[in-house]
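Visitor: Please read through the structure below; I'll follow up with questions.
The values are calculated or read from the model by the stated rules, or taken from the named source; none is laboratory data. These numbers were taken from a predicted model, which means no experiment stands behind them. Neighbour counts run over all protein chains shown; Cβ positions are idealised from the backbone, glycine included.
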C-alpha cells in the first residue's frame, strides 16, 4: 500500500495509516532500495567541511535535495586524493544516486572511472568540468578583482597567500592576481610576493604572515586565497601591533559570514555559496534521472568585490 496507494481502497488505506501511527512503523528504506535498485541518497566530497564556504554550499545542496526527497551524505577529503578515493568507494557501496565532488587535484581520472561504472558525477566549486557537469565561480576574475582593488588604492608591493596550486581554485586565483599586476604595468618580480600554505585555515594564514614580514620588504597589502587564511593574517597583524588597513591592507576571498563582523570588517571576494550548492544538486539530480541521455552543463557564477574596512589606501611612511 505504501508504494502504490492509488490501488488501495480509501477505507483500507485509512486503517493502515491508523495502524502505522499507533505502532510507530518506519519503512525499511534499505530493503526498498534493494528491491528497486535505487537510493534516495546523494554523496558530496568537499575539501574541508570546517571551512564556512563549504558549510554554506552544503546547505544549498541539502535544501535542493530535500525538495525531491533525497538526503545528503557529506565527507571531507582534507585535500587528500587518497581520502577522496576511499569516500567514493564507500558512497558507491551505499548505492548513492551520484556524487558531488570538489576535487583536491587536477587529475580527474578517478571520477571518469566512477562515471564509467554508472555513478553520476558533478564537479563542485570547479570552473571546468570538461566531459562532466560542473558548477563554480570565475576564480581568475576573482583574483583579478582582489589585486586590482589594492592597486587602485596605491599599493605596489602585494603579497598573495595561496594554497597548493594542484587545487584548481588556488591556481585560478593566482592567475587572476598576476593578471591584474601585469595589466597595471607592474613587474611580478618587483610587485608580487607569493607564499604558499599547506593548510587553508587561520593557522596557515598566520604562519604565512610571518614569512611575508620576515622575508619580504616593503609589502603594504595582502591578498588571501580564502577568508580563513585572511583571519589568520589579521590575527597575526594584531599580535604584532600592526594596524589594518593603516599598516597593512588585507583582502580575503569567499565573503563568508564572519567577514562582515570582525573587529576590522574584511574586504572580500563574494561567491554565491548557497546558489552554487543548489545548482550543483540540480545538475546531479538531472543526470541521475537521464543517465546516458544527459547533456553536460558548466555553470559559472561571477564573483563580486565587497569592500569593507580592511582595505585602505597606501600610506607611505
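Visitor: Looking at residue 86 and the list (1) in contact with a strand residue (DSSP E or B) (Cβ under 7 Å, 6 or more places away or on another chain); (2) closer than 30 Å to residue 225 by Cβ; (3) modelled with pLDDT of 95 or more, which single condition is not satisfied?
Guide: Single failed check for residue 86: (1).
Visitor: Filter segment 96-107 for residues that are in a loop (DSSP other than H, G, I, E, B) and more than 17 Å from the chain's Cα centre (by Cα) and give the result.
Guide: Across segment 96-107, the qualifying residues are 96, 97, 107.
Visitor: Output the residue which, of all residues in segment 120-162 that are at pLDDT 95 or above and in a loop (DSSP other than H, G, I, E, B), is nearest to the chain's Cα centre (by Cα).
Guide: So the residue we want is 138.
Visitor: If you don't mind, another one. Here is a check on your reading of the model: is residue 278 within 19 Å of residue 57 (Cα to Cα) and not in a strand (DSSP E or B)?
Guide: Answer is yes for this residue.
Visitor: Give 255, 282 a once-over and let me know the one that is closer than 19 Å to residue 144 by Cα and modelled with pLDDT of 95 or more.
Guide: 255
Visitor: If you check 209, 192, 200, which single one turns out to be closer than 24 Å to residue 236 by Cα, buried (at least 16 other Cβ atoms within 10 Å of the Cβ), in contact with a helix residue (DSSP H, G or I) (Cβ under 8 Å, 6 or more places away or on another chain) and at pLDDT below 95?
Guide: 200
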